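Sharing a structure here in structure tokens format.
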């Protein structure tokens, strides 16, 4: 128990050293999952060990931080943390996300180079065992496009608050030069720049169709209160269309799996008396949702909206035609 308390205090010290603006007592309590009185006692204990801890007035409250950071003695990574970092880099690499994979590899090297030699020697056997015992199950799907020059240009515009100009090889007029106000990047099965053009709202621009990317230096506008996460959560996947109320019924045979499945960030699950599960959420992207529901086979029933029912029936009919036409149809 004594060691556990020490580990919790070190965890708090790391939190306070990793934030520039500091944390309030309520934020400390929330991060560590403790009550406010416990957070106060832990803060006082950390101050005894790390006298550099300082208070910052932020009316009507106060924030606490360790501005000088922590000595490397307290920052040695664990084998599990390094293995997770390596696995994340491998996952990106296998998905074709080479730029992000390289960024994580660079971070891994920096962490190891900042770790004392004795700690690295202690870590080596456990890290080697984990790396040999864990691997990634590669799933079929498109490899996302990540051109380092394109990503670098987009990120530079986002950091500078500048508009971004590029030639777009997509849409109704391929090759047209655009100047947009960038809001963020969506990474997924394909990668997209989220940006507004002119007075229009946010649109998705595929990164693999951007060419001659230029940071203009002209100030970009961002809608007040815009949240990239909220924008992404509106859609089941990447495609944005009309937002609708979705209601699905998962049959009893697959109910257990449905209770552990995440269809949408705002989903509501209701277990039914017959053992089935009703899933409700509000989203756009009905076509991608229809594609996903194919993976559930006959274990899901679409209760609403009607458009989603029509879409999945349409996709079934297209698949039926593709596999019962020509020579195959004659054999049938």
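Six or more apart or on different chains, Cβ under 9 Å: which pairs go from a residue in region 209-225 that's not assigned by TED's automatic domain parsing to the domain that holds residue 181 to one that's at pLDDT below 95? Could you list them?
From region 209-225, no pairs qualify.
Let me ask something else about it. Tally time: how many residues in region 5-41 are free of Cβ contacts under 8 Å to residues at least 40 places away in the same chain, over 17 Å from residue 62 (Cβ atoms) and assigned to a helix (DSSP H, G or I)?
7
Of all residues in region 184-229, how many are closer than 17 Å to residue 158 by Cα, touching a strand residue (DSSP E or B) at 6+ places or on another chain (Cβ under 7 Å) and assigned to a loop (DSSP other than H, G, I, E, B)?
Selection size over region 184-229: 5.
Sticking with this one: Of the residues 90, 44, which is at pLDDT 90 or above and not in a loop (DSSP other than H, G, I, E, B)?
44
Looking at region 293-307, is at least one residue in contact with a helix residue (DSSP H, G or I) (Cβ under 6 Å, 6 or more places away or on another chain), closer than 30 Å to residue 166 by Cβ and outside any strand (DSSP E or B)?
Checked against the condition, which is being in contact with a helix residue (DSSP H, G or I) (Cβ under 6 Å, 6 or more places away or on another chain), closer than 30 Å to residue 166 by Cβ and outside any strand (DSSP E or B), region 293-307 yields no hits at all.
From the list 232, 283, which residue is touching a strand residue (DSSP E or B) at 6+ places or on another chain (Cβ under 7 Å), within 30 Å of residue 178 (Cα to Cα), part of a strand (DSSP E or B) and at pLDDT below 90?
283
Would region 70-80 turn up any residue that is on the phi > 0 side of the Ramachandran plot and either surrounded by 14 or more Cβ atoms within 10 Å (Cβ to Cβ) or out of contact with any helix residue (DSSP H, G or I) (no Cβ under 7 Å at 6 or more places or on another chain) (or both)?
no
The values are calculated or read from the model by the stated rules, or taken from the named source; none is laboratory data. Quick caveat, the model's predicted, so the values are computed rather than measured. Here the Cβ is made from the backbone with ideal geometry for all residues, glycine too, and neighbour counts use every protein chain on show.
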